[in-house]
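A short write-up of the structure that comes next.
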Amino acid sequence: MNTQARGRKEFGIFDGVLLVFFSLLTAGILPAIFFGLYFSRRKRYKRFLVHGLPATASVLDRQDETIGFDEKLTRERGDPIQILYLPDGDFDSVIISTT
């Protein structure tokens, strides 16, 4: 074994094709997931931003919630939160801020 002699690894055409293929594949999936989430939330929140009424609500029960990209969010009992609600939409609401 000779530790001084290093093998020459040439960067071939096949390696370049694989690099480009997987780069495009990865860059194509992640933005598609991100923009899919963005447009679905935008569509839902648009009603609330136009017709919603602001209010302060409080959390009634401790709740563990999974939000985008598997992040965990916990709200404790009595925490005040700012919401927008639709009085004519069966009091549907969205959280806009936590304090």
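Below, the figures for the structure above:
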item	result
Entirely in the stretch 49-99, the strands (runs of 3 or more DSSP E) that have 2 or more residues that are in contact (Cβ under 8 Å) with a residue 12 or more places away in the chain, of a type in the set (Gly, Ala, Ser) and farther than 27 Å from PHE34 by Cα	53-58
Matching residues in the stretch 18-41 - criterion: being at pLDDT 85 or above and surrounded by fewer than 11 Cβ atoms within 10 Å (Cβ to Cβ)	PHE39, SER40
Meets criteria (over 23 Å from the mean Cα position of the chain (by Cα), in the same structural domain as SER97 (by TED's automatic domain parsing) and surrounded by 10 or more Cβ atoms within 10 Å (Cβ to Cβ)) for ASP79	yes
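The values are calculated or read from the model by the stated rules, or taken from the named source; none is laboratory data. From a predicted model like this one, the values you see are computed outputs, not experimental measurements. Backbone-built Cβ (ideal geometry, glycine too); neighbour counts: all protein chains shown.
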